[in-house]
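First comes the structure, then the notes that go with it.
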Amino acid sequence: DSGRVDLDSRWTDSLPRIAGNNVIVTPRDSDELFCLDLQTGQERWKLGRSQFHSIAAIVDDKIILCGNRFVQAFRLDNGQPLWSQIIVDGIVCGLPATDGALLQLPTSEPAIVSLDVQSGRRLVTQRWPDSTSNQAELSSIKAPGNLLIIGDQLLSQNLDSIRAYSQG
């Protein structure tokens, strides 16, 4: 299946991101991530794509990359690794979200895995359906999709639905 090969062999998002005096670029036709100086365009450092397919977040002095079953943080100033975490709760199946302290990862289990942004430590895995779901809800539960945090709400967007969850 050519669509599957494409997702496994390329960056899924090629939009440049500005972080401080850096521009982070993940060209769709490249197996590398580039960190460029915002003012001069000079390359500061680069990383091989390896098993990663997207930027999960850029928080403070770190960039967090995401693959199907692996998340890793790197120093923004030099690209050196800070922490890594294997995802054992299915495959990451949408865009992660962060509030600056937590990284929320949607997985195919279905579940949302929460990691501490500073250490990469797994804090909690919220599996779906939960114990309060009724039978009608159980039959319609889908894996979480792209995540977004607004205030104390975590939003999950799939092809046909948006669900909101309280983080408080």
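A quick yes/no check of all residues on (1) under 18 Å from residue 13 (Cβ atoms); (2) buried (at least 16 other Cβ atoms within 10 Å of the Cβ):
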position	(1), (2)
48	yes, no
51	yes, no
59	yes, yes
67	yes, yes
73	yes, yes
99	no, yes
- Message: Pairs needed: first member in region 115-127, within 13 Å of residue 60 (Cα to Cα); second member anywhere, hydroxyl-bearing (Ser, Thr, Tyr); C-beta distance under 9 Å; at least 6 residues apart or different chains.
- Response: 117/98
- region 105-157, subset hydrophobic (A, V, I, L, M, F, W, C) and not in a strand (DSSP E or B), residue modelled with the lowest pLDDT: 138
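Take the conditions open to solvent by 80 Å² or more (accessible area, probe 1.4 Å), assigned to a loop (DSSP other than H, G, I, E, B) and touching a residue at least 40 places away in the same chain (Cβ under 8 Å) and apply them to residue 15. Does it pass?
Details: open to solvent by 80 Å² or more (accessible area, probe 1.4 Å): yes; assigned to a loop (DSSP other than H, G, I, E, B): yes; touching a residue at least 40 places away in the same chain (Cβ under 8 Å): no.
Considered against the rule, which asks whether it is open to solvent by 80 Å² or more (accessible area, probe 1.4 Å), assigned to a loop (DSSP other than H, G, I, E, B) and touching a residue at least 40 places away in the same chain (Cβ under 8 Å), residue 15 comes out as no.
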- Item | Unmet criterion (only one of (1) within 27 Å of residue 34 (Cβ to Cβ); (2) open to solvent by less than 30 Å² (accessible area, probe 1.4 Å); (3) charged (D, E, K, R)) for residue 77 | (2)
- Please enumerate the residues belonging to region 30-85 that are polar (S, T, N, Q) and in contact with a His (Cβ under 9 Å, 6 or more places away or on another chain). 68
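The values are calculated or read from the model by the stated rules, or taken from the named source; none is laboratory data. Every value quoted in this text rests on a predicted model; they were computed, and no experiment measured them. FYI the Cβ positions are ideal-geometry reconstructions off the backbone, even for glycines, and counts take in every protein chain you see. For accessibility, only protein heavy atoms count, side chains too; no ligands or nucleic acids. Shrake-Rupley method; radii C 1.70, N 1.55, O 1.52, S 1.80 Å.
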